[in-house]
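Undergrad: Here it is, the structure in full.
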């Protein structure tokens, strides 16, 4: 009951948060912006329909990556701000005066972020299907993978941000998550960059930072082929368990650092 | 019986990261509040009251010393389940309405009631917020917010109420309502720990006083012990002749003629009978004889040097 109430008030608060509203507005704006070239390609009279088709697919792929990346930013920011906003406004004093344990407070906030991300992912899936339909493509996939993979990835970023915000300012926590995520991409074996990083450090960072490959849609969904790559369920299970485990570790670290945090109004 | 609140040698130092700057907010503060009493927690601004309350509620951690609240450590959910807290400048989720906020706090308090709507309506009526059920808190006046804060503090049916400046932002009528409420809570056997700057009002309702200044405990004890008994008596007469005034001055009495048609003669308690008889004999009509009491405000200002 306490967790549900905390999660719900966190979720509802997001829709009063000007930055989150701005984020959604920008997201919608970008989608609409990318619709223009997509529709232009589609209506193009050409002798080479295969080339146009390739342009459409590449545009779709770009939008898909962007929407997915936006989600990671949203998850990190929402998680950092959910805790920091309570400290800033002082509402945390009234909540923590109740028989609520500190880890319960954090978990309530975290679940509120997950609720927001579920809305985002649902929205994202709808956008992907609509864009694919407009582009004349067909996403041959189980919708659950389109929901579960991003959700696990966002849970992971939200957990890292929750941990960071227990001992640093929310903006700094957000920046750290961004750097963390960029580094993870850089050191991933699939990435072409980061060759300048010494091999031992690269390998170390690869094991410590969240895997950019394992939880990426590209590992199981190819927009180009517009179909789900055939993978055994054990691979899905391993990838998802990895993400959830990483999120759990970060959440436990957050609970540990938050247990002795002063709760004075900032 | 265990004390409802117990501070034993509590010290708190604020330190900045990467800085040598240290602020000692509390130094070796010890006091206790027995259950069922109303305790006023007094001190000038910056004395360490909010820090103490933060430690009491488990928001802050002392550097040394021990604190027990209702027999538990601060922040323990078993203690918090029995505490109603009203912070200074209470902050709410401003987009909620009063009933929704109380409903949220009822859920967080873990209290099980068969009819939460009736409980919330009764609490809103108690703090004179009936009729504003659909109004968002962002539209509330400061006084309304403070009254809602009082209602949320009461929603878990707590044994201990911690009020940080409960009358802040209230008009005289609102202040009286809060003080009446504190009195009613005392009658119901609850313990109330409140900080306030309005000493004459606090004096009317509290049993015990804890005074701190610059992080140090200045005085703690029962109100009657702290106020003590004044050794002076005020004799109010209609007039004093010049001869009598001279005789009184020789005996060390003070005469105040600034009153509205009366003269006040201030004498030592031991000399009251002799002085009154002398005034009668000189033709003065004795209107009243008032034993003087120390006021909490007077004691407070003496102890903390007027806050300077």
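Undergrad: Would you confirm whether any residue within the range A:201-224 is modelled with pLDDT under 70, in contact with a strand residue (DSSP E or B) (Cβ under 8 Å, 6 or more places away or on another chain) and not in a helix (DSSP H, G or I)?
TA: yes
Undergrad: Select from the range B:76-92 the residues that are assigned to a loop (DSSP other than H, G, I, E, B) and either more than 8 Å from chain A (Cβ to nearest Cβ) or free of Cβ contacts under 8 Å to residues at least 12 places away in the same chain (or both) and list them in ascending order. Even if it seems obvious, please write down each step before you answer.
TA: Let us first name the residues in the range B:76-92 that are assigned to a loop (DSSP other than H, G, I, E, B), namely B:76, B:81-82, B:87-92.
Answer for the range B:76-92, where residues must be assigned to a loop (DSSP other than H, G, I, E, B) and either more than 8 Å from chain A (Cβ to nearest Cβ) or free of Cβ contacts under 8 Å to residues at least 12 places away in the same chain (or both): B:76, B:82, B:88, B:91.
Undergrad: Continuing with the same structure: For the range A:142-173, which residues satisfy the criterion of being surrounded by fewer than 14 Cβ atoms within 10 Å (Cβ to Cβ) and touching a strand residue (DSSP E or B) at 6+ places or on another chain (Cβ under 9 Å)?
TA: A:142
Undergrad: Can you name every residue in the range A:83-141 that is touching a strand residue (DSSP E or B) at 6+ places or on another chain (Cβ under 9 Å) and not in a helix (DSSP H, G or I)?
TA: Matches in the range A:83-141: A:97, A:98, A:99, A:138, A:139, A:140, A:141.
Undergrad: Also, I was wondering about something else. Looking at B:119, B:102, B:86, B:96, which is the one that is crowded, with 22+ Cβ neighbours inside 10 Å and more than 21 Å from residue B:36 (Cβ to Cβ)? Walk me through it before giving the result.
TA: On the way: B:119 fails: crowded, with 22+ Cβ neighbours inside 10 Å; B:86 fails: more than 21 Å from residue B:36 (Cβ to Cβ); B:96 fails: crowded, with 22+ Cβ neighbours inside 10 Å.
Of the residues listed, the single one that is crowded, with 22+ Cβ neighbours inside 10 Å and more than 21 Å from residue B:36 (Cβ to Cβ) is B:102.
Undergrad: Continuing with this model, one more query. (1) in a helix (DSSP H, G or I); (2) buried (at least 17 other Cβ atoms within 10 Å of the Cβ): which one isn't true of residue B:235, the others all being true?
TA: Every condition holds for residue B:235 apart from (1).
Undergrad: Being touching a strand residue (DSSP E or B) at 6+ places or on another chain (Cβ under 6 Å), surrounded by fewer than 12 Cβ atoms within 10 Å (Cβ to Cβ) and free of Cβ contacts under 8 Å to residues at least 60 places away in the same chain: is that true of residue B:288 here?
TA: Numbers: touching a strand residue (DSSP E or B) at 6+ places or on another chain (Cβ under 6 Å): yes; surrounded by fewer than 12 Cβ atoms within 10 Å (Cβ to Cβ): yes; free of Cβ contacts under 8 Å to residues at least 60 places away in the same chain: yes.
Spelling it out, residue B:288 is indeed touching a strand residue (DSSP E or B) at 6+ places or on another chain (Cβ under 6 Å), surrounded by fewer than 12 Cβ atoms within 10 Å (Cβ to Cβ) and free of Cβ contacts under 8 Å to residues at least 60 places away in the same chain.
Residues are listed down the side, and each one gets a yes or a no for (1) within 16 Å of residue A:121 (Cα to Cα); (2) modelled with pLDDT of 90 or more; (3) touching a helix residue (DSSP H, G or I) at 6+ places or on another chain (Cβ under 6 Å):
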{"position": "A:13", "(1), (2), (3)": "no, yes, no"}
{"position": "A:18", "(1), (2), (3)": "no, no, no"}
{"position": "A:34", "(1), (2), (3)": "no, no, yes"}
{"position": "A:41", "(1), (2), (3)": "no, no, yes"}
{"position": "A:48", "(1), (2), (3)": "no, no, no"}
{"position": "A:55", "(1), (2), (3)": "no, no, yes"}
{"position": "A:59", "(1), (2), (3)": "no, no, yes"}
{"position": "A:71", "(1), (2), (3)": "yes, no, yes"}
{"position": "A:78", "(1), (2), (3)": "yes, yes, yes"}
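Undergrad: Only one of B:254, B:246 is loosely packed, with under 15 Cβ neighbours inside 10 Å and touching a strand residue (DSSP E or B) at 6+ places or on another chain (Cβ under 9 Å); which?
TA: Numbers: B:246 fails: touching a strand residue (DSSP E or B) at 6+ places or on another chain (Cβ under 9 Å).
Among B:254, B:246, only B:254 is loosely packed, with under 15 Cβ neighbours inside 10 Å and touching a strand residue (DSSP E or B) at 6+ places or on another chain (Cβ under 9 Å).
The values are calculated or read from the model by the stated rules, or taken from the named source; none is laboratory data. Bear in mind the structure is a predicted one, so any value in this text is a computation, not a measurement. No Cβ is skipped: glycine too gets one built from the backbone with ideal geometry, and neighbour counts run over all protein chains shown.
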